Every structure is written in structure tokens, then in C-alpha cells.
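Working notes, beginning with the structure itself.
Computed from the coordinates by the stated procedures, all read-outs in this text should not be read as laboratory data. What you are looking at is a predicted structure, and each value in this text was computed from that prediction instead of being measured. Positions of Cβ are backbone-derived with ideal geometry, glycine not excepted, and every protein chain shown enters the neighbour counts.
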Amino acid sequence: MIPVIIIGALALVGIAVAAIAFPLLREREDPDSVEIREDLDTVTDPLVELEGRRDAVYQAIRELRFDYDVGKVSETDYNIFDTQLKAQAVTVLKEIDALQAAEADTALNDSLEAEIAALRHVNGNGPVKTVPRQPVPAGGVAVNFCPQCGTKVRSGDKFCGTCGAVVG
């Protein structure tokens, strides 16, 4: 009976050692040999990334304040870290403002619209027609139709979903 217990114990120890050693002994991938893939799902908006960084800095400031209030951080350390975190927050906020200003740049929008119009003209879709905005009726609900193809468009649409003409 005792030899069976000893063999069983040795088997369990062997399994445990193998389970622990497996991740350490397996062949590691060379980072240079890994194929780089860019999936469209992983491409993110820089503004979303900056807002995430901003939120993380704000959370760190709140946690630092909490740690200081419960006595885990000395006043000297609190002042140093608080100053550093607030400087990071200012930097991120300036980056967000700069990005939003760049996105709101009318010259950039105009150049993009000109590029799109040129591409449509080259692809045979013809020049893009600009249609003046139609006033919204007194009821507040506008029923619009595309002046180029006649398709019904919703009141918030800026372009026709069928032909791409500017509608609002």
C-alpha cells in the first residue's frame, strides 16, 4: 500500500513541476519574426486615446488624494506627485485642445472636400454639386429630398446616401 502512495505522490509532484516549468521552458517567439498585422478594428481615434490618458491621470490624482487622506502618503510625497500628475494633466489637455483645433480647421476641411471632389470627378461620378441649405419649417421637422437624385434624406443628413450630393 505504501509504494502506491509514494508512486502517486511522485506522480502529482511531477505533474505540478511540469505545469510550473512549461511556460518557462517553451520556445519564446522572436519579436522580429512576428508578422505585423494592422486590423482595422485596432485603429483608434487619437482623440479617444488622449481622452483615455486624461481620464487615467484624473483617476491617479483622485487615488493620490485618497491615499494622502488615509495617511498612506506623506505630505511631501503628496505635493511632489500631485504637481507631477497635474503637469501631466495639463499636457494632455493641451494636446486634446490642439487636436480639436486641428479638426475644426476650415482650411483642412476645404482641402479635404476639394480632394474628394477631384476624386469623384476622376472616378467618373461627375463634379459634386453644392446645394444651399433648406430652411426648417416652423414645426421644426424638415422633410428633405436630394436635389440631384430625389431620394428622401433625413433632416440631420449632410449628404445623400444614394448619390453623395450635399443636402444640408
Review point. Assigning unit charges at the beta carbon (Lys, Arg +1; Asp, Glu -1) and nothing else, what dipole magnitude in debye, to the nearest 20, does the stretch 43-104 show about its Cα centre?
Key: 120
Practice item. Mind ranking 6-18, 64-76 by how tightly packed they are, going by the mean number of other C-beta atoms within 10 angstrom, highest first? Key: 64-76, 6-18
Review point. Nearest 0.05, what FRET efficiency do residue 116 and residue 90 give at R0 = 41 Å with Cβ-Cβ as r?
Key: 0.65
Revision key, fill the gap. When the charge dipole of the stretch 43-104 is computed with +1 on Lys and Arg Cβ and -1 on Asp and Glu Cβ about the Cα centre, the Cα farthest towards its positive end, among 57, 88, 71, belongs to 71
